[in-house]
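Just below is one structure, and these are the notes that go with it.
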Amino acid sequence: MKIISMIGRIFPRKNVKEIGSFFTEAGIYLDEEFAAGIILVLIVSSLVIFSGISFLLLNDIFLSVGAGIIATFILMILCYEILSLKIDERTRSLESVLPDFLSIVAANMRAGMTLDKALLYSARPEFGILSKEVEESMKKVFAGGNLEKELQNLARKFRSIHFQRAISIIIEGIKSGGEIASTLERISINLRDVQIMRKEIIASTTMYVIFIIATAAVIAPLLYVVLMKVFSLFEVLWEKQPTEGLRTPMVDISPGAPGIKTEHLNIFSILMLVVTIVTASAMVSIIQTGKKINAIKYLFPILVISIIVYYLSKFILDLIFKPIAL
């Protein structure tokens, strides 16, 4: 562990802190330098392994290193996406119960409890991950820790602006000696209003989401298949044209088949379909959640449906046009 922590010190201190915060927000509590070291070790080991496998398959050092770099880059993106989804899941879980939690904290404080006890006794099982984190933080306070410091550490464990602002207001109330209970009640009411507004926005954009998904998963593959089939028919027509050409005293015209083959168009259609699906997934993610990072949740279902529609429609059109003699 010490060796990995020493390796992590290769990164600038600012980047080490960012890496540590990223892992913490995902619920993975590691030392900042150790987390940075793990990332560096993973990058190097992945590069060596993928390059070695590529060399065994390609038997070319330059192509192997290039393939290893690309594979390592893809692996890092996947790891980043997985952790980002974990962070977003924790954030949504927190924000869904935060208004109720703050209301209970305010009620406990009005009943005569101190802030630390009000927070601890408000950590009920139905609040999930928030209750767990609050209990751990308050236990440290009762063991002699500083309340403000533990609240700041608690706020860093979630990537939630609403939660961080609520904690900041609580800390300011502690410093100024203000009425924290009434402040928490107002925050709770405002958060409920935000949640209601967010649900209304999602409901009002449902038709746009359906249209985007239908376009990427059904309409786009159908259009590409029809285009490819029309091109293949023209290709057959060109092959049946006479090769003598059109001869006149002044002009000698010899029409020929286009240089693009059906196989090339098939590859182009699949690539453009993938681009369309990625773009549609990002758009749906932004509309539904406000974040592009959730696009991966929509990407694979849309991709599977699109591929099925593409090859199924291709098979059906081949059956329809097969008996037609050109």
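The values are calculated or read from the model by the stated rules, or taken from the named source; none is laboratory data. Predicted model, so just to flag it, every value in this text is computed and none were measured. Reconstructed Cβ throughout: ideal geometry from the backbone, glycine too, with neighbour counts over all protein chains shown.
Below are the figures for this structure:
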{"quantity": "All positions within the stretch 259-290 that are more than 18 Å from L303 (Cα to Cα), surrounded by fewer than 15 Cβ atoms within 10 Å (Cβ to Cβ) and not β-branched (V, I, T)", "calculated": "G259, K261, E263, H264, G290"}
{"quantity": "Exclusive hit being more than 28 Å from the chain's Cα centre (by Cα) and without any contact (Cβ under 8 Å) to a residue 40 or more places away in the chain, set M138, M109", "calculated": "M138"}
{"quantity": "Options S84, S96; residue that is within 19 Å of the chain's Cα centre (by Cα), under 30 Å from D193 (Cβ atoms) and modelled with pLDDT under 90", "calculated": "S84"}
{"quantity": "Any pair with Cβ under 8 angstrom, 6 or more apart, that starts in the stretch 177-199 at a residue that is free of Cβ contacts under 8 Å to residues at least 12 places away in the same chain and ends at one that is among the acidic types (D, E)", "calculated": "G178/E172"}
{"quantity": "Identity of the residue in the stretch 77-106, of a type in the set (A, V, I, L, M) and farther than 21 Å from L42 by Cα, that ends up surrounded by the fewest Cβ atoms within 10 Å (Cβ to Cβ)", "calculated": "V97"}
{"quantity": "I129 β-branched (V, I, T), modelled with pLDDT of 85 or more and over 27 Å from the mean Cα position of the chain (by Cα)", "calculated": "no"}
{"quantity": "Sole residue being out of contact with any Leu (no Cβ under 9 Å at 6 or more places or on another chain), small (G, A, S), touching a residue at least 40 places away in the same chain (Cβ under 8 Å) and surrounded by fewer than 18 Cβ atoms within 10 Å (Cβ to Cβ), chosen from G52, G27, G66", "calculated": "G27"}
{"quantity": "Considering residues of the stretch 195-209 that are of a type in the set (A, V, I, L, M) and under 23 Å from the mean Cα position of the chain (by Cα) only, the residue nearest to I302 (Cα to Cα)", "calculated": "V209"}
{"quantity": "Flag if G173 is assigned to a helix (DSSP H, G or I), over 32 Å from the mean Cα position of the chain (by Cα) and among the small types (G, A, S)", "calculated": "yes"}
{"quantity": "Residue that is nearest to K175 (Cα to Cα), among those in the stretch 142-160 that are aliphatic (A, V, I, L, M) and surrounded by fewer than 20 Cβ atoms within 10 Å (Cβ to Cβ)", "calculated": "L147"}
{"quantity": "Condition check for I171: out of contact with any strand residue (DSSP E or B) (no Cβ under 6 Å at 6 or more places or on another chain) and either farther than 23 Å from G290 by Cα or not assigned by TED's automatic domain parsing to the domain that holds Y310 (or both)", "calculated": "yes"}
